[in-house]
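The values are calculated or read from the model by the stated rules, or taken from the named source; none is laboratory data. None of the values given here were measured: they were computed from a predicted structure. A quick note on method: Cβ atoms are made from the backbone with ideal geometry, for glycine too, and the neighbour counts reach across all protein chains shown.
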Amino acid sequence: MLSIWLQGIWLLLHGYDYEVAPLWAGVHMVPLTGAVLVVGPFSGRLSDRSGVRPFATGGVILAAVSFALLMVLPVNFSYLPFALILTLNGIASGFFIYGTQRRSDHE
């Protein structure tokens, strides 16, 4: 949904052409993907030591907070707050996705 919103509204408001909006929507969402890739493996290792529940619960709570922050952004926001919120959502997703998998699930 964020990609569609970026393509259809935000990028067009900021001078991007309609033809290149899909590419730039993906580029603007890199903080989300990067945070999942960085946090995920650490979350998996830590959950093997201390259990799954703190990571699953913490990840869901952080994701809810990040979605609430996205809801209060104005339509014509600057990119930095958006990138920080996407990073928070990526961290939350990394905690939840990789923290809920045990090492025995991977082997």
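General remarks:
- Pair list, Cβ < 8 Å and 6+ apart or interchain, from segment 39-56 residues that are surrounded by fewer than 15 Cβ atoms within 10 Å (Cβ to Cβ) and assigned to a helix (DSSP H, G or I) to residues that are small (Gly, Ala, Ser) and modelled with pLDDT under 85: PRO54/SER47; PRO54/GLY99
- In segment 71-107, the qualifying residues are those that are touching a Leu at 6+ places or on another chain (Cβ under 8 Å) and either over 28 Å from SER50 (Cα atoms) or part of a loop (DSSP other than H, G, I, E, B) (or both), and the one that is modelled with the lowest pLDDT is VAL75.
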